[in-house]
1. Per DSSP H run of n ≥ 4, the term is -39500 (n - 2.57); total these for chain A, divide by its residue number, and report the mean residue ellipticity at 222 nm rounded to 500 deg cm²/dmol.
2. Across the residues of A:13-23, average count of Cβ atoms on other protein chains within 10 Å?
3. Which GluC sites (Glu not before Pro) from the range A:57-128 combine a DSSP loop assignment with at most 16 other Cβ atoms within 10 Å?
4. What does the charge dipole of the range C:162-253 about its Cα centre add up to, to the nearest 20 debye, if the Cβ of each Lys and Arg holds +1 and the Cβ of each Asp and Glu holds -1?
5. Looking only at B:Gly142, B:Gly125, B:Gly158, which one moves most when chain B is put into a Gaussian network model with springs between Cα atoms under 10 Å?
6. Set the Förster radius R0 to 60 Å, insert the Cβ-Cβ distance between B:Lys2 and D:Ser87 as r into 1/(1 + (r/R0)^6), and round the FRET efficiency to 0.05.
7. Evaluate the charge dipole of the range C:4-151 about its Cα centre and quote only its size in Debye, nearest 20, assuming +1 on the Cβ of each Lys and Arg and -1 on the Cβ of each Asp and Glu.
8. Mind checking which lysines have their Cα closer than 18 Å to the Cα of B:Lys292? Skip sequence neighbours fewer than 8 apart in that chain.
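Since every read-out is calculated from the coordinates, none of them should be taken as a lab result. Since this is a predicted model, take the numbers as computed values, not measurements. Here the Cβ positions follow ideal geometry from the backbone for every residue, glycine too, while neighbour counts run over all protein chains shown.
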Amino acid sequence: MEADFIKMETGYVPVEAKITKITQPTEYEKVFTLDFPHKEHLKFLPCQFVMVSIFGFGEAPISICSSPDDEEFQLCVRKVGSLTNKMHSLKVGDFIGIRGPYGNGFPVEVLEGKDLLFTAGGLGLAPLRSLIRYVLQNREKFGDFTLLYGARSPHDRLFADEISEWETSEFVDFHETVDIGEENWMGNVGLITSLFPMIGIDPEKTIGVIVGPPIMYQFVVREMLKKEITDKNIFMSLERRMRCGLGKCGHCQMNGVYVCQEGPVFNYVDVQAIQEAI
Amino acid sequence: MKIYFLPKDKVKLLVESVLDEFQVFGAKAKEMKFEFGKIDTAAELRLDYNTTILPPVKTFFPNDEKILEFKPNGQTTSVHENSKKVLFGVHPCDIHAIEMMDNIFSTPPEDKHYLERRKDSIIIGINCNTPCSDKILCYDKGTYKADSGFDLMFWDNGESYLVEVVTSLGNFLASKFSYFFNFFTEYSGDFHEFKSEYHKRQDFVFEKKLTRKISELPEAMRQSYESELWHEVGAKCLSCGSCNIVCPTCYCFDVKDVVDIDLAGGHRCRNWDSCQNLDFACVGSGENFREKSSQRNRHRVFKKEVYLPQNKGYSGCVGCGRCNTACIAGISLIDIYNNVFSEEV
Amino acid sequence: MKPKLAMFSFTSCEGCQLQILNLEDELLSILNAVEIVNFREAIDEKAQDYDIAFVEGSITTPEEIEEVKDIRSKAKLVVAIGACACLGGVNAMKNFFPLDFVRNEVYKEKASCFPTLPVQRVGDVIKVDYEMHGCPITKKEFLHVTKSLLLGIPLKQIHYSICTECKTAGNVCLFDKGETCIGAITRGGCDAICPTFGDGCEGCRGFVDEPNFEGMIQVLADRGLTKPEIKNKFTYFNGLDVIETINDKIEEFVK
Amino acid sequence: MKKLDINVHHLTRVEGHGNVVVNYEKGKVENFQLQIVESPRFFEVMLQGRHITEAPHITGRICGICSVGHTTASLKAAEKALGITPSEQTQEMRKVLLNAEFIQSHVLHACFLVLPDFLNVGSVIPLAETHPEEVKRALRLKKLGNDICEVLVGRHIHPVSMTVNGFTRIPSESEFEKVRKMLLDSEDDILKMVALFKTLKMPDFVNDTENIGLTSDGEEFCLYDGKITSSYGKIIEDENDYLELIKERVVEHSSAKHVKGEGETYAVGALSRLNLSAEKLHPKAKVLVEEFGLELPNYNPFNNNVAQVIETVHCFYDSIERIENLLEKGIKQENYKDYEVKAGRGAGACEVPRGILFHDYEIDEKGIIVKANCIIPTGQNLANIEKNMRKLVPEIIDKPKEEITHSLEMLVRAYDPCISCSAHFLDVEFV
Ligand SMILES: Cc1cc2nc3c(=O)[nH]c(=O)nc-3n(C[C@H](O)[C@H](O)[C@H](O)COP(=O)(O)OP(=O)(O)OC[C@H]3O[C@@H](n4cnc5c(N)ncnc54)[C@H](O)[C@@H]3O)c2cc1C
Ligand code: SF4
Ligand code: SF4
Ligand code: SF4
């Protein structure tokens, strides 16, 4: 699958995208469904991102959280600053600008025929959802599928509807935990690493994928290595500050690597060579 | 390639006629230093300058550059500037820098804003008879001479200049102003011999500053990643960003929106940024990936001497010495490099 | 309805308010977008609540404490403007002297009649939503802040230094001319107007986040500045910020 | 017999915080106070321990509106203490800058703070609706004053490059050209402003007083330099001796100090300057004295507004001439640093929009300030304003209270008091 750039006059001009649906899974996150000209021609890979822009409020990189095979094109946005706060005040029918997709996206062909172990922390579930949905939509191409998800607290859980589907689905072995429990919470409490003892995998056949907050990577990698998954079978998506998405502005650089060009998805073998990565 | 012969007293006339046809940028006096900027009169242009505070390449990558315009009707358009410019009197190190920036901005996805400004511009180089300061590294780096990256090159020949014409743009200019060049017919001597004589004189006055060969630098540098050196540099550094702003090969930028007073329209522009700023690598979640000054300093030097050589095959420093002069805390690449060399075993 | 904008002034030279009046080209457009209430220096109109209150000046008397609290209770947003309000500014030089000395020096036998407190920033007394630095504020920043507040664009402090702006302006550095300057650790935003006009930055916009005081002191000491001279540089506008730390650091770093 | 209590809290459209309190009973003003409630800032203490070269920038911060004036007086005092005579070019440039400040300050006062009273609108905001052209024109003129300072010294409020013995940056010839052009382009606006003020009628009121200001034996209408002169006859040649004329005293009804000259109270400012040396105004301004029907010497304080308009015209034409002279001589890149620091004392006097201003420093051999003093125009006018009010109230006592209050406010405003200035130094009354 090849990523296809939205045809544009120049690198920085966004196309207008109309918000057609908004859902709000948590207090701080909203999911926006977008429509824009030639959307049907937009090809992208899971874990690629677009630069979202609203005049006056700036631009920010946001991962596409829908699957390439979905009809709908969706972004899940956490409110942290200028652009993202403004996004949260928008209504259905409003327009935003997007350009992209950018980044390398997930090399889905390397997953084919393999067992999968996905680990998502917090907002990391948003980009990973694209891949999860893709896997579920093309389930026959993959082996066993284990999905681990950790949220800060029960009401910080994203995509709760889908989670309930995954919980009961025979196609995915889903486990989740929250850092801090609550009265009505019946599930696991503890860091995401506490889910690892619950799962059994075949390290020979398994590919591990990690997306989450910066602090999480070290610990989850350690668990995966403990499960004897080899370096080269671990992938992760990393976040950096980005101003252009075109490999120029320098903000997303980790050592010599531009995350917006060579990432955000990296193989753990490569990551180990990048001191500033995790 | 054609070589002309231009008496020095004709230079002013030449500049005047170029000024009639083109926007000319060059060095002009600014207090006891020189700035590179737009030239309005031939008398302003100085060819005998040492170095300019800001480098010539920033003509193509200006600060606060408008990149998009937002119209009140919601329409967004890209803004480009392409007027034909003549950069008159660019030193070899800065020519190397322009070549490097050309490469950076034309690497896909290419940057039209830079390329449009750069397109059609004519670069007139001028060789350096003497080093411009004791803070430069151009001799070690070999950037005190340039073989490409210019359309015309002026070689000092005492009472006159030899003018080397290498590109079709250069030819275009030379033939357009052939009146001046034709004052004297083509140079009849052996240009190769002239060149090697010239460089020999340079060998005499230019000084090697590094204890080892520049080609050994990337590897030595890589070895220094965990060195105590960076903490020492970090403790001195004021994170003021001067080194980045004056550097001809620093191209990091920030993007910001400016709203018009009517609150309806406005524009998006990009500003020079500095990787020494505290928040340069700070992300939305609050994480700062280079929170220590030592890390930021290391990143600046590594980007130039490790990452670019590794990714692009060239060094990101042309040895112009501007950063060394600009740093009020006295941090100098010469010291850093020599320290790195002496540390490595 | 147009948002109501109010201006208040405490201990200061009122230069920041004047700077707003100096927006001759934009003033009428601003008046189209907002309703200006309470701008004692320019108009009679007064209101009892405001969307944005701009507060100028340091807090130096008990009455001012009460007044500024009252403003806070009536305003949706409070923006402190100028070095006096954000840093203490030149007023803070007073805090280097014992209060009794200051009062006696000025009022002599009448000293007891005039309550004066150590100088405080507005933010020391009330919650401030944004601080607009400078002595005086720049017209550009006032416009930027006002436009942003009207459109709901979040405001962020500038992170880069005066040097960044000074170099961008293409200036000859004052250190090259044998002068000194503390622009390296001062927050940008004024387009380095002082160095551009040949005068060292005096730090009126406050320090950048995590300023390297030791490094700056060292640089100044290397240029031959004495301890009191260095102290004067740091306490021109930033007396309140450095009052505790700077003396020790100067002792430590200037031999 | 009428009893009247007036209490104006926080007088508007003046610079700084002031209250007017009047209690009038049995045909007599029982209590009158122009209260200065501005918080004091103790500059004379703050200056102690600072280097003399820092003084101009620090004291410039006494007041945003006459910041060029404070800087100038401070520079003159500093140079006197150091025994420096700045170059002619420096002095000429300073004169242009003072002129620019006069233009900006007088226009602000006359057109934005005072005009609304005469056109019967509350303030400049309604004025912008009723008289948009006048307001736009006044904005342009105010901007002219600011822009001149911006080009030459960075900004009007707290000018950057004015320094002891010169300028830290000397503008280029083309920048002077630009200033000249800005001035020439504004002539029409100036003339229209004058025409507008000719249509206004100032209230009738006369109150004889002493005037103090700078004068010279020569041709110059003195703003930057001159002899300290009282209309009662005394002339001080050396600025350092200013205290021989300007004396502090204790008054009965107020426990704070007032300033007195030869008489009990005196006035400074635009009208005083015209009373002292109108004949030296620029010819284009001088003719206006007659055109406005201003009989000099004039003791109607409301005419200070008219005097400001005339001075604006003077400053405008005077600036053009000075700049043309500077350009003719060629701009020299002078080095301000060639002087030596030594111990001494120096006082500097210059005229600022509101009247004569004194700065006075004593420095040690390292140039560190050991003592500082400063006498501000508004401080000097306070006693005179009070005197005017004592006379005015009985004259208008039969009018409604609002009108009396309004008249009193207008009277105070006519002096263009700069209260934040006046609260910054010793010699001011704090009620
Ligand atoms: C590849 C990639 C994919 C991403 N995918 C997603 C995604 O799918 N969903 C998502 O939500 N995010 C995603 N992010 C993160 C997202 O890009 C950032 O959260 C976003 O840039 C924030 O932009 P902003 O303009 O809202 O914040 P900014 O305004 O740029 O704020 C950034 C920082 O400044 C701070 N700040 C904000 N306002 C102020 C203020 N007034 N004063 C001081 N500090 C302030 C904030 O706390 C924050 O720390 C992704 C990032 C990358 C690199
Ligand atoms: S790093 Fe320094 S020496 Fe090298 S090109 Fe940049 S400014 Fe010149
Ligand atoms: S003059 Fe000051 S602000 Fe400018 S570069 Fe030099 S140190 Fe920095
Ligand atoms: S240069 Fe420094 S002192 Fe001058 S305005 Fe800027 S921050 Fe203030």
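1. On the way: 7 runs with 55 residues, N = 278.
Rounded to the nearest 500, it is -5500 deg cm²/dmol.
2. Shielding by partners across A:13-23 averages 1.
3. A:Glu71, A:Glu72, A:Glu112
4. Working: 9 positive and 16 negative charges, 49 e Å.
The calculated dipole for the range C:162-253 is roughly 240 debye.
5. B:Gly158
6. Values: r = 54 Å, r/R0 = 0.89.
According to the calculation, E is roughly 0.65.
7. The calculation lands at about 300 debye.
8. Leaving aside lysines fewer than 8 places away in the same chain, those within reach of B:Lys292 are B:Lys236, B:Lys303.
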